[in-house]
Amino acid sequence: MKDFNAANEIQDLQYFGEFGGVNPSISDSSTYTFLSAKTMFDTFEGNAEGCYLYSRHSSPMNLYLAQALAKLENTAAANVTASGMGAITTVLLQLCKSGDHIISSRTIYGGTYAFLKNFLPPFQIETSFVDINNFEAIEQAIGPKTKVIYCESVSNPLLEVADLRKLGTICKKYNLKLVVDNTFSPLSISPALFGADIVIHSLTKFINGSSDTVGGVYCGTQDFIDATKNVNSGACMLLGPTMDSLRSASILKNLRTLHIRVKQHSHNAHYLAERFEQDGLKVSYPGLASHRHHELLKNMMHSEYGFGGILTLDAGTTEKANELMELMQTENLGYLAVSLGFYKTLFSCSGSSTSSEIPEEERLSMGISDGLIRFSIGLDHDIDRTYQRMKACMIKTGVLITR
Ligand SMILES: *Cc1c(COP(=O)(O)O)cnc(C)c1O
């Protein structure tokens with residue numbers, strides 16, 4: 001995988017502002033003038049390359065950001081949306097119509113789960129939830145109406161890794177689309193290299209990295225992106241989850257430091273995970289040899305970016321987890337908040353927050369225990385100092401018992 005380096009690809013993309021600015025000019029318009037009425041007609045028909053019509057369809061800044069993200073994911077094109085869910089729902093509604101069937105990993109983001117489980121069935125789109133690394137079960141679930149296999153490359157919050165090579169092969173064999181949410185592993189995993197047809201990100205997380213906006217993107221072939229923007233039948237054009245161009249400008253600027261941030265998040269998370277494991281805590285991190293998908297991830301990732309910034313720790317009970325998180329927040333070790341990819345560590349109890357859409361029984365059977373804390377590790381300068389102070393909190397709350 002040495003031949004593809006997304007950071008270089010993004011770096012080589014240059015666009016200057018109107019007056020030679022080092023950043024592209026922000027176009028602050030919802031509509032665009034035409035010199036001739038004929039060109040306006042052609043633009044509606046999709047035949048006027050380079051012309052803008054109306055910003056729900058496309059705008060210069062959204063196209064700049066989309067191009068950079070297409071480079072990131074090694075796809076021909078991309079389209080940015082107002083949120084990660086805006087990207088996920090657009091893609092699935094574009095690919096699936098009434099009567100169609102989806103196969104999805106059962107360990108996915110709570111919002112995606114709720115969309116597949118509750119929102120789509122009234123439209124006669126059914127989903128089979130499977131263990132994404134049980135290929136036999138996946139092949140058994142495939143029927144004549146199956147259109148999509150959906151998964152997260154590294155899952156939320158359990159950090160299960162999907163074997164994208166195998167899934168890519170299955171999708172080719174049965175002519176299905178492989179849709180991969182790569183929010184947890186930007187730069188480190190390139191799903192398109194393994195056969196993913198569409199790669200999705202919640203830009204809200206690592207890619208923007210400053211917890212000041214929501215945003216999303218889907219990356220795929222030019223034909224697919226164009227289809228979603230078609231004025232007559234495109235899911236994005238007609239549902240309208242468009243990103244505001246001021247926001248795409250700020251996200252593009254944050255994207256410039258993604259490679260540096262990802263390395264630091266990974267370094268810090270790896271450091272803490274190793275120490276916590278040595279201390280005897282129930283920690284899960286794909287960089288640890290004890291993680292059941294450690295080797296699988298190693299075989300798919302661009303190693304320079306590390307194993308990511310997310311780890312989970314089982315505090316035993318919800319009460320203990322809450323006590324620990326409140327104390328860590330008081331000690332300024334991070335914030336008790338959902339989301340991820342911030343400069344500061346964020347922690348939340350998955351079962352009672354971002355995975356609360358999943359019924360308790362299913363949650364437990366997946367391994368999301370009541371005391372499971374998800375940490376998004378920050379960009380701390382001195383991670384050993386952070387470790388010592390976190391450990392003190394764990395001892396004080398009885399999450400870590402020392403003799
Ligand atoms: C946050 C998240 C989403 C949803 O993104 P929004 O920007 O909040 O709409 C989807 N998938 C994963 C893995 C996420 O972490």
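None of the figures in this text is laboratory data; all of them are computed from the coordinates on show. Worth saying up front: this structure is predicted, and the values here are computed from it rather than measured. FYI the Cβ positions are ideal-geometry reconstructions off the backbone, even for glycines, and counts take in every protein chain you see.
Taking the Cα centroid of region 380-402 and of region 216-245, what is the distance between the two, rounded to the nearest whole Å?
The two parts, judged by their Cα centres, are 46 Å apart.
What share of the DSSP beta bridges in the chain is antiparallel, in percent to the nearest 5? Could you put the intermediate results ahead of the total?
Working: 23 of 42 bridges.
Among the beta bridges of the chain, antiparallel pairing accounts for roughly 55 percent.
Can you give the log10 of the normalised intensity I(q)/I(0) at q = 0.10, 0.13, 0.15, 0.20 Å⁻¹, computed with Debye over equal Cα scatterers of region 259-397?
-0.31, -0.53, -0.72, -1.27
Percent of alpha carbon pairs in region 216-261 separated by more than 12 Å? All intermediate terms of the calculation are to be shown ahead of the outcome.
Details: 719 of 1035 pairs.
Result: 69 percent of Cα pairs exceed 12 Å.
Which of the trypsin sites (Lys or Arg not before Pro) found in region 1-100 are in a DSSP loop and have at most 14 neighbouring Cβ atoms, other than their own, within 10 Å?
Numbers: sites: Lys2, Lys38, Arg56, Lys71, Lys97; in loops: Lys2, Arg56, Lys97.
Filter output for region 1-100: Lys2, Lys97.
Mind giving me the nanometre distance, one decimal, between the label points for Lys344 and Ile401, set 7 Å out from Cα along Cα→Cβ?
Modelled inter-label distance: 3.4 nm.
Expected output is a single nm value to one decimal: the length gained when fully extending between Glu304 and Phe41, i.e. 0.36 nm times separation in residues minus the C-alpha distance. What is it?
Extra length available between Glu304 and Phe41 comes to 89.8 nm.
From Cα coordinates alone, what are the radius of gyration and Dmax values for region 73-227 in angstrom?
Reported Rg and Dmax, both Å: 14.2, 44.
Taking the simple approach of a point 7 Å from Cα along Cα-to-Cβ for both Asp382 and Asn230, what is their distance in nm?
Taking the two extended label points, one gets 6.0 nm.
Please state the charge dipole magnitude for the chain, taken about the Cα centre, from unit charges on C-beta atoms (+1 on K and R, -1 on D and E), reported in debye and rounded to the nearest 20.
Working: 34 positive and 41 negative charges, 49 e Å.
Here the size comes out at about 240 debye.
Order of Met61, Met325, Met40, Met237 from fewest to most other C-beta atoms within 10 Å? Could you put the intermediate results ahead of the total?
Details: Met61 27, Met325 23, Met40 16, Met237 20.
If I rank by nearby Cβ atoms, fewest first, I get Met40, Met237, Met325, Met61.
So what does log10 I(q)/I(0) come out to for the chain at q = 0.10, 0.12 Å⁻¹, using the Debye formula with one equal point on every Cα and no solvent?
Relative scattering, expressed as log10 I(q)/I(0), comes to -0.67, -0.95.
Any chance you could run the full-extension gain for Ser98 through Leu238? It's 0.36 nm times the residue separation minus the Cα-Cα distance, nm to one decimal. Each step should come with its number before you reach the end.
Numbers: separation 140, 0.36 × 140 = 50.40 nm, distance 1.70 nm.
Extending this stretch completely gives an extra 48.7 nm.
Region 1-68 to region 111-153: how many Å between their Cα centroids?
34
Looking at region 1-150, I'd like the Rg to Rh ratio, where Rg is from alpha-carbon atoms and Rh is Kirkwood's inverse mean 1/r. Mind dumping the intermediate values first?
On the way: Rg = 20.1 Å, Rh = 18.7 Å.
Taking Rg over the Kirkwood Rh, I get 1.07.
Let's test the formula: R0 of 35 Å, r as the Cβ-Cβ distance of Phe119 and Ser365. What FRET efficiency results, to the nearest 0.05? Don't skip to the answer; put the middle values down first.
Numbers: r = 22 Å, r/R0 = 0.64.
Once rounded, the FRET efficiency stands at 0.95.
What's the extension gain from Glu319 to Arg256 if we count 0.36 nm per residue and subtract their Cα-Cα distance?
On the way: separation 63, 0.36 × 63 = 22.68 nm, distance 4.01 nm.
Answer, rounded to one decimal: 18.7 nm.
With viscosity set to 1.002 mPa s at 20 °C, what whole-number translational diffusion coefficient in µm²/s follows for region 295-356 from Stokes-Einstein and a Kirkwood radius over Cα pairs?
Numbers: Rh = 13.3 Å.
For these conditions, the coefficient is 161 µm²/s.
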